[in-house]
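The values are calculated or read from the model by the stated rules, or taken from the named source; none is laboratory data. On a predicted model such as this, the values are computed, not experimentally measured, just so you know. Cβ: placed from backbone, ideal geometry, glycine included. Neighbour counts: every protein chain shown. Accessible surface areas use protein heavy atoms only, side chains included; no ligands, DNA or RNA. Shrake-Rupley method; radii C 1.70, N 1.55, O 1.52, S 1.80 Å.
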Amino acid sequence: MAPYKKIKNNQTKFYNPVGPQAPITPADMEHAAGLRETEINTEPAEVIDVILNTEHAHFDSTIPDPEEQIGMIQIRRIHSDQNLTDQENLPWAVPLTRNIKQYPVVHEIVLVTTHVSKQSVESPDAEIIYYHDILNLWGSVHHNALPFLSIPDPASDEENESKIEEYKSAGFGNPNVAGDEGSDIELGDTFKEQPKIRPIQPYEGDLTIEGRFGHSIRFGSAVKGTPENTWSDPSTDDPTEPILIIRNGQDQDLEDGGEHVIENPDTAASSIWMTRGQTVPLTFGSTKYDALSFEAGENTVGEDLTAPTSDSLIDEEGERLGQILLTSNRLIFNSREAGTYIFGGGGIGLTTETDMTFDAGSEFLVDTPSIYLNATEKLEIEAPLIYLGKSQQSEDDGGVGATQATKGHPLVLGDEDDLWKSTLCDIIDAMLTTLQSEIHPTPAGPSGPPIQAPQYAGQQSDIATLKASLATSYSDTVWVQRNG
């Protein structure tokens, strides 16, 4: 950027000319003699160090407002400080803005300019160096470092002379080229170069924000472009349908290089898609859809989720409605104190290939006209007390005898009930056997067998048949346990 001039008034006397200034008056000449010109330059500078925390060696906790040092960088200006290798004598610069922060990494090139500072209130000439705009040297969203650009002619005794010459001769530093990382040049304390990191493909009208590590936010639309994106419906020509894509972590199977990529919900580590009319190519984590079309009842969810990635929702005026898709290897919804609420105007569908767990500390409530449970192997319910029916009371409210009805009726244990019935049958059988051989004393002597003996024998046969049928009264699918 070409330099511009800043003009200061050295005179303490206020000068405010009004009207045409020709011919020049003595006052004009006096004022012009008291002006001095200062040349202002915006200059590129190489980043040497960055203060990111209070543990930094140059962080001074004794000054007023020490936190303002976070984000300060030490620089070597490409022209003003060229070949100055004594790091202790290099200047520091502060961010030009504070609301949106993008701190550079070591060896990136930034633009610096000298402007007024907060000390200018007391001393109008007090100035400070501000930095802004990392130069896009490599066209990389990962980093744009070009080490030692500010030391074009290193001294023979310079500690980094061999590294500097290596960079100059081989052109190291391009983050888009694998194997171009140089020897042991550090871009920071923890920052490591990753040649796989790619920028996202732009389309007409897009506003994109991209981080250094494969995350991005796209404010886009359904506009069709080249290369073809993954969300614009080929059947529509309406490019005004908006889409917002938040992506964290790009495809890790990409080759090294700088080619642009297009967001894909199946390969990004995590992403959120806010759509209106677009179809997102999402692969479901579960393909178990049986309950979504369960024929036993009227299921509105299955109808709505036949193609949940297609945003085909239309309102009464024919306008497309939006939906939000979240996809990742794991989703966690957590409310630390208050409740978590999910409302579905057209139903709520939950499906998984493995387990679905509900664990409530107090109560688990279901209020619906009908419930369908379709377990293909078994259904287990484990609880100290189980009540089936309407308005059942708790164990503390119930009792025995006349008040037993307030609790409902207990479920009979089949095998124990069978034992009781079998024992009763044995007792009756024994009684009938006794009755068949019963002899009564009479005045004429002992009587013979009772004339009802054939009837007793028939009843005994009926008892045997009833006893034999007890085992067939068991359910093959429903089992209960005694409490305790």
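Does at least one position in region 186-205 carry a residue that is of a type in the set (A, V, I, L, M), part of a loop (DSSP other than H, G, I, E, B) and under 30 Å from GLN74 (Cβ atoms)?
Looking only at region 186-205, we keep the residues that are of a type in the set (A, V, I, L, M), and these are 187, 197, 200.
Remaining after also requiring part of a loop (DSSP other than H, G, I, E, B): 187, 197.
Okay, now just the ones that are also under 30 Å from GLN74 (Cβ atoms), so 187, 197.
Looking through region 186-205, at least one residue is of a type in the set (A, V, I, L, M), part of a loop (DSSP other than H, G, I, E, B) and under 30 Å from GLN74 (Cβ atoms).
Taken over region 262-288, the criterion of being open to solvent by less than 20 Å² (accessible area, probe 1.4 Å) and in contact with a Lys or Arg (Cβ under 7 Å, 6 or more places away or on another chain) is satisfied by GLU263, ALA268, SER271, GLY277.
Within the group PHE343, PHE358, which residue is more than 25 Å from ALA268 (Cβ to Cβ), modelled with pLDDT of 80 or more and within 20 Å of the chain's Cα centre (by Cα)? Even if it seems obvious, please write down each step before you answer.
Working: PHE358 fails: within 20 Å of the chain's Cα centre (by Cα).
None of the other options fit; the residue is PHE343.
Screening region 90-100 for residues that are of a type in the set (A, V, I, L, M) and closer than 22 Å to LEU146 by Cβ and picking the one that is most open to solvent (accessible area, probe 1.4 Å) gives LEU96. Once region 203-242 is narrowed to residues that are at pLDDT below 90 and among the aliphatic types (A, V, I, L, M), the residue that is farthest from GLY139 (Cα to Cα) is ALA222. Scanning region 367-384 for residues that are open to solvent by less than 90 Å² (accessible area, probe 1.4 Å) and more than 15 Å from LYS288 (Cα to Cα) returns THR368, SER370, ALA383.
Say whether the condition of being in contact with a His (Cβ under 9 Å, 6 or more places away or on another chain) and surrounded by 14 or more Cβ atoms within 10 Å (Cβ to Cβ) is met by at least one residue in region 77-89.
Of region 77-89, the ones in contact with a His (Cβ under 9 Å, 6 or more places away or on another chain) are none.
Looking through region 77-89, none of the residues is in contact with a His (Cβ under 9 Å, 6 or more places away or on another chain) and surrounded by 14 or more Cβ atoms within 10 Å (Cβ to Cβ).
The residues of region 73-89 that are part of a loop (DSSP other than H, G, I, E, B) and either among the acidic types (Asp, Glu) or modelled with pLDDT of 95 or more (or both), listed by number, are ASP81, ASP86. Annotation: LEU282 fulfils all but one of (1) aliphatic (A, V, I, L, M); (2) modelled with pLDDT of 85 or more; (3) in contact with a Leu (Cβ under 8 Å, 6 or more places away or on another chain); the unmet one is (2). Across region 285-293, not a single residue is classified as over 30 Å from THR376 (Cα atoms) and either at pLDDT 90 or above or basic (Lys, Arg) (or both). Among the residues of region 458-474, just one is outside any helix (DSSP H, G or I) and either within 60 Å of the chain's Cα centre (by Cα) or of a type in the set (A, V, I, L, M, F, W, C) (or both), namely TYR474.
Every condition in (1) modelled with pLDDT under 70; (2) surrounded by 10 or more Cβ atoms within 10 Å (Cβ to Cβ) is met by ALA402 except one, and the failing one is (2). With respect to the conditions (1) more than 26 Å from GLY139 (Cβ to Cβ); (2) modelled with pLDDT of 80 or more; (3) more than 15 Å from the chain's Cα centre (by Cα), GLY277 falls short on a single one, namely (2). Taking the criterion of being open to solvent by 90 Å² or more (accessible area, probe 1.4 Å) and closer than 12 Å to ILE262 by Cα, the residues of region 189-241 that qualify are THR226, GLU228. Residues in region 20-72 that are assigned to a loop (DSSP other than H, G, I, E, B), open to solvent by 80 Å² or more (accessible area, probe 1.4 Å) and at pLDDT 70 or above: 9 in all. Scanning region 444-457 for residues that are surrounded by 12 or more Cβ atoms within 10 Å (Cβ to Cβ) and assigned to a helix (DSSP H, G or I) gives ALA453, GLN455, TYR456, ALA457.
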